[in-house]
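Participant: First, the structure itself, so that you have it in front of you.
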Amino acid sequence: MTAKQFRELMAARGRQGGQPTPAAAAAAAKKPARKKPAGDPGPPSTPTPPAVEPLLAGLPATGRHWTLLMPYATEMLTSNKRYPHWSIEHRIRKQLRADATSLIGAKLVPRLQYAAIYYVLHPRNLSRSRDPLNWAPTVKAYVDGLVTPNPDLPRLRHLLPDDDHEHLLGPFPLMGAPVKTGYARMSLVIAELHGPLTSANGETVTGTGTSTYRN
């Protein structure tokens, strides 16, 4: 029996006995294909600003208002993302806070006593559903940066005396126009409110005499 005939015989026995052939064994030993990295979304783009009038119409006793397109960020915090180490999330949150603080002087947003905030998500132009509420951790960092510009001086406040329910209504999530290129962006609509957000003045944010937040 020649060497070639022996190899053919062993291959035939392997197929009959359920053993993998050398070719099949080699294929099984291959490493699983790696997931392709997400494609480059392209350069940052400016989305269409949100319509403010319908938002103001749903608020009580509004005054001035400002629309802030937040600085472009390649990383934002979402409620469904888990990080391998807390330091990564801390770094992103710190940057988001700093981004919000940088707009205080540029937009000349004054110190207010009461305000309502809407946050408008401008998603990437992809065919899938999105829930803007998932971006609440990003908005929390933005509001912290607007209210407390210096985290080392927590008593130093800018936008509001505090971001509690006595001074801030919201933030409320909304879906905005998508961006054409780049990663998702976010706009904040800040509306000045006249009067407390409780029944201290006989009215509430619902327009009735019954307290919304406390008895």
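FYI, it's all coordinate maths here, none of it is from the lab. Source: prediction; values computed, not measured. Every residue, glycine among them, receives a Cβ derived from its backbone with ideal geometry; neighbour counts consider all protein chains shown.
Participant: How far, in nm, would the chain grow between THR181 and ALA3 when pulled straight, counting 0.36 nm per residue and subtracting the alpha carbon separation? Intermediate values should be presented prior to the final figure.
Facilitator: Working: separation 178, 0.36 × 178 = 64.08 nm, distance 6.25 nm.
Difference between extended and current length: 57.8 nm.
Participant: What spacing in nm lies between the two simple spin-label points modelled at LEU108 and ASP164, each 7 Å away from Cα in the Cβ direction?
Facilitator: Placing both labels 7 Å beyond Cα along the Cβ direction yields 3.3 nm.
Participant: If one computes P(r) from the Cα atoms of the stretch 65-201, what percent of pairs lie at distances over 19 Å?
Facilitator: Details: 4756 of 9316 pairs.
The answer is 51 percent, as a whole percent.
Participant: Then there's this: Starting from the 7 Å offset along Cα-to-Cβ, what nm value, one decimal, do you get for the label separation of ARG124 and HIS90?
Facilitator: Result: 2.9 nm between the two label points.
Participant: Could you order peptides 72-85, 47-60 by the average number of other Cβ atoms within 10 Å of their residues, highest first? Don't skip to the answer; put the middle values down first.
Facilitator: Working: 72-85: 12.3, 47-60: 14.3.
Going from most to least packed, we get 47-60, 72-85.
Participant: Work through the residues other than ILE190 whose Cβ is under 14 Å from its Cβ and net out their charges, Lys, Arg +1 and Asp, Glu -1.
Facilitator: On the way: positive: ARG64, LYS107, ARG111; negative: ASP163, GLU192.
So the environment of ILE190 carries a net charge of +1.
Participant: Under the 0.36 nm per residue contour assumption, what length would be gained going from the current alpha-carbon distance of ALA11 and SER79 to full extension? Numbers along the way, then the final one.
Facilitator: Details: separation 68, 0.36 × 68 = 24.48 nm, distance 5.47 nm.
The ALA11-SER79 span can extend by a further 19.0 nm.
Participant: May I pose another question? Share of antiparallel DSSP beta bridges in the stretch 65-201, in percent to the nearest 5? Walk me through the numbers on the way to the answer.
Facilitator: Numbers: 13 of 20 bridges.
Expressed as a percentage, antiparallel bridges in the stretch 65-201 total about 65.
Participant: Whole angstrom only: what separates the Cα centroid of the stretch 116-149 from the Cα centroid of the stretch 48-106?
Facilitator: Each part reduced to its Cα centre gives a spacing of 5 Å.
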